Amino acid sequence: MGMTISQKIIKNHLLSGEMIPGEEISIRIDQTLTQDSTGTMAYLQFEAIGVDRVKTKLSVAYIDHNMLQSGFENADDHKYIQTVTAKHGIRFSRPGNGVCHQVHVERFGVPGQTLLGSDSHTPTCGGIGMLAIGAGGLDVAVAMGGGPYYITMPKMVRVTLRNRLGNWATAKDIILEVLRRMTVKGGVGKIIEYSGDGVSTLSVPERATITNMGAELGATTSVFPSDDVTRDFLKAQKREDVWTELKADDDAVYDEEIVIDLAELRPLIAKPHMPDQVVPIAEVAGLKVDQCCIGSCTNSSLYDMLKVAAILKGHTVAPDVSLVIAPGSKQVLNMLAENGALADMIAAGARIIECGCGPCIGMGQSPKTNAVSLRTNNRNFYGRSGTKSASIYLVSPEVAAVAAITGVVTDPADFGEPPVVEMPDSFLVSDNMVIIPSEKSSDIEVVRGPNIKPFPMNHALGDTVEGKVLIKLEDNITTDHIMPSNSKLLPYRSNVPYLADYCLTPCDEEFPARAKANNGGFIIGGENYGQGSSREHAALAPLQLGIKGVISLSFARIHMANLINNGILPLVFAQKEDYDRLGMLDELVVENAADQVRAAVNGKNVTVTDKTQGFSFETVLNISERQCGMLLAGGLLNYTRENA
């Protein structure tokens, strides 16, 4: 039986376990990336592990999230990351060099290698044939220290692309169509692989758009073949030497298959407040637009920007629209400036902001009250833009550019002929904004600002785990709900005690105070709890507040791993009626907790008793022997120290 692309890469990096879906495996990690939003915590944890120098083939720290320097906090964090990476052998991508995923595809990604990143959109590099996975910062810290990365062996899903895009349809529409079919939880426990004759018609930037936004499916990662298109892209980046061909065997077996005829695709739009709320653009046409934001790690490549510039040329942005454009990297911005496309954008009235995440994470450019904002982001979660009353729609750069001119959501087919751009044979290559660490780093002093506080540590699991129900939540609660990430809070990513006072406040402003008053307790969640970002602050802030367990109907992959990494019990209701039955401030207790956790490895349920209502209910704790050890020890750091 043949193998898929992902199975081939996993086999070449397998350290333990069997490649059977549902079984825990560990793999060797070749590369890691961090960004400044999650990076400070990842490097504090790396320091706590006690390894002198990074053990991977390549590790890069990017500054791209916390770019607004309205106080000392962000600048201090940047200096900490610059000095700690210099000391431990990690490359440092300076502020202004670009968004981590865009730069990594351009300059560092290698087909066939593994990449672990402390950002959920790390799968972007699957566009060049990497096995690129998003994870919590602690998992990345362990990988940088030479440790294996553990995952549950995923199922394989093949998305077969037929024919060629036309009629203003784009790569963004491909992934929106996949989201429409699979939903935001349809990819959990799966890897998405793309195949078919349509693949060869897509450039690397288009492929990267698709793999980037595959994170919204909840998938482990998404992967394209490494083919002649990949080689041409790497050659243009003057990195052809790292190319290798990589494709699935003809007789590879997949667990599911989706077929998309690219010729039939039309422009799509995701309505608020979830990326899978996808409809044809015609259903929303005519809606007045207040803001258009073009950029983010999904759509900020030179290819995207050239199309936008071609649409804007000779036009003026509508009077009531604010158009914001953020090129994805210094390379992209340089080339736009050289070929005149940047001038076309500026002449049309676009506001050009620096190469970073910016509007996507609410780091500036928040829309006005009750605004309609069209964005090329990957997420439109409630409140993520920084304006709770705003309605965020996800679209392609082409749709956003046309709407910026017309002032309303417009089917671009009504605008005229689509722009045709050619990718250059050679990119403007300069890595002068990447600092290479010295081989001699013993004399480097790590600089820590006053806002950098120790992260919370859990303790060994006791015989009894008890506490009150502190909050009861609905389905699809995101990490943006659990730990908000706007421009006012992002500067405090290295100060968990401060952040904890905002934990789950989008759902209930009284939650932090209630958690403190009751010395912690339990969070009750619905389906797909913890979807979205890889931010482990969504586990660290609850830990700071004394949360002992989260009981939900199901979990998103990365968040469940982050809970286990921090010693918080992630329990799944065996029966939905028990979720319905629980009430606020019910007192819950898990008796003989350590023994029950050990038994869970063998498939035994964990019994929880509701002392307030006088009944017990069953929960599932789906963990491996290793994860059992982590929960018993009180988290991954304690477990690592105990087993050093």
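Values quoted throughout were computed directly from the atomic coordinates according to the rules given, and no laboratory measurement underlies them. Note that this is a predicted model, so its numbers are computed, not measured. Positions of Cβ are backbone-derived with ideal geometry, glycine not excepted, and every protein chain shown enters the neighbour counts.
What the Cβ-Cβ distance of E338 and K611 gives, at R0 = 60 Å and to the nearest 0.05, is a FRET efficiency of 0.30.
Fully extending the segment from E591 to N622, taken as 0.36 nm per residue of separation minus the present Cα-Cα distance, adds 9.3 nm.
Going by alpha carbons, how many degrees (0 to 90, nearest 10) lie between the helix axis of 36-49 and the longest principal axis of the chain? Its long axis makes an angle of about 40 degrees. Per-residue Cβ neighbour counts within 10 Å put E625, E245 in the sequence E625, E245, beginning with the fewest. Given R0 = 25 Å, the distance between the Cβ atoms of V429 and T201 translates into a calculated FRET efficiency of 0.45.
Peptide packing: for 20-29, 213-222, the average count of neighbouring Cβ atoms within 10 Å per residue gives the ranking 213-222, 20-29, highest mean first. Amide H contacts under 5 Å for V408: V289, restricted to partners 5 or more places along the chain or on a different chain, H placed in the peptide plane at 1.01 Å from N.
Inverting the mean 1/r over all pairs of different Cα atoms, compute the Kirkwood radius of region 5-263 and quote it in Å. Don't jump to the answer; show the numbers that get you there.
Working: mean 1/r = 0.0538 Å⁻¹.
Roughly 18.6 Å, rounded to one decimal.
In order along region 112-117, the Karplus-derived 3J(HN,Hα) couplings, from 6.51 cos²θ - 1.76 cosθ + 1.60 at θ = phi - 60°, round to x, 8, 9, 9, 10, x Hz, and Gly and Pro are given as x. Between the amide H of V278 and those of K271, distances stay under 5 Å, these residues lying 5 or more places away or on another chain, with hydrogens modeled in the peptide plane. On full extension, the segment bounded by T464 and N518 gains 17.8 nm, given 0.36 nm per residue less the C-alpha separation. Assuming charge only on the beta carbon of Lys and Arg (+1) and of Asp and Glu (-1), the dipole of the chain about its Cα centre is about 1060 debye to the nearest 20. How far is it, in nm, from the label point at V253 to the one at K57 when both lie 7 Å from their Cα along the line to the Cβ? Placing both labels 7 Å along Cα→Cβ, they lie 3.0 nm apart.
Only bridges whose two residues both fall in the chain count here: according to DSSP, what percent of them are antiparallel, nearest 5? Around 35 percent of the beta bridges assigned by DSSP in the chain are antiparallel ones. Compute the acute angle (0 to 90°) between the alpha-carbon long axis of helix 171-182 and the principal axis of greatest extent of the alpha-carbon atoms of the chain; round to the nearest 10°. Between the helix axis and the principal axis of the chain, the angle is about 40 degrees. Listing M345, M274, M1 from fewest to most neighbouring C-beta atoms within 10 Å gives M1, M274, M345. Of the trypsin sites (Lys or Arg not before Pro) in region 326-419, the ones in a loop by DSSP (not H, G, I, E or B) with at most 16 other beta carbons within 10 Å are K368, K388. Calculate the FRET efficiency for A75 and A48 from the Cβ-Cβ distance with a Förster distance of 25 Å, rounded to the nearest 0.05. According to the calculation, E is roughly 0.55. Label sites at E283 and V420, each approximated as a point 7 angstrom past Cα along Cα to Cβ, lie 3.3 nm apart.
Here the simple spin-label model places points 7 Å from the Cα toward Cβ, and for E445 and C507 these points are separated by 4.4 nm. Computed log10 I(q)/I(0) for region 438-547 at 0.10, 0.17, 0.20 Å⁻¹: -0.35, -0.83, -1.08, from the Debye equation with unit scatterers placed on every C-alpha and solvent omitted. For the cross-link pairs K468/K488; K55/K87; K388/K453; K55/K155; K11/K172, the ones whose C-alpha atoms lie over 23 Å apart are K468/K488; K388/K453; K55/K155; K11/K172.
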